[in-house]
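Beneath this line is the structure, given in structure tokens, with notes to follow.
Bear in mind that the values in this text are calculations on the coordinates, not laboratory data. Here the structure is a predicted model, which is why all the values come from computation and not from measurement. In this analysis, Cβ positions are derived from the backbone assuming ideal geometry, glycine residues included, and neighbour counts consider all displayed protein chains.
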Amino acid sequence: MEKEKQAKTQKPKPTRRPSREGRQARATATPPPAAPSPTVVDMSPIVIEAASMATDKATTDPQGGKKLTRNGFLQIDNVNIPYPVTKVLLEMKGTPAGNVWPEVDLNMYNRTEKKNFFPWKRDYVTTSTFHVYQGVQNPPLPPGTYLITFRYYNDDGGSVPNEDRSVTLRRIMIQP
């Protein structure tokens, strides 16, 4: 019993503390936790071919794209745009009737922000061969998922003999 009492009363031997330099060396030997890797956003232009767009009245154009000979639209939904949009380009051509060219616009509804944008406000298509029309966006359109609608407004209804006002859209290009 006396041995048990002795074992309980014995003081533990002190352990040696490392020197200050040793403590610092240990602290720097452990690498800091890695920072999370940043999300990479693909900044490539988005090209939407008119041939892939839904329509109410358009027909296929032999040079590519879709042709609206009457008031109507081309539309595509769920276009994911991961960056702010600074330019929207439309490749299109038109034919006039009574010296009036086709009038079009482009509506982009951002489903993420629940807001309409008009990167191409109502304007005329004034070339009879395909031409790229450019619209600079200032301020830029926000990233998000979009419903994109191209509309044609001013069909002449055949009021001018031997002329038919129409517009053909080949593609829409969206750039950061």
Go ahead and collect, in residue order, the members of the stretch 134-176 whose backbone nitrogen is under 16 Å from a label point 7 Å along the Cα-Cβ direction of D56. 148-157, 167
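With r as the distance between the Cβ atoms of N71 and V41 and R0 = 41 Å, compute the FRET efficiency 1/(1 + (r/R0)^6) and round to 0.05.
0.65
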Measuring from label point to label point, each 7 Å out along Cα→Cβ, what is the K115 to T129 span in nm? 4.0
Length gained if R122 through S159 is fully extended, taking 0.36 nm per residue and subtracting the Cα-Cα distance, is 11.1 nm
Quarter of Cα convex hull surface for the stretch 53-175, i.e. mean projection, nm²: 7.3
Under a 5 Å amide H to amide H cut-off, with H placed in plane at 1.01 Å, what residues pair with Y83 once short-range neighbours are removed? G144
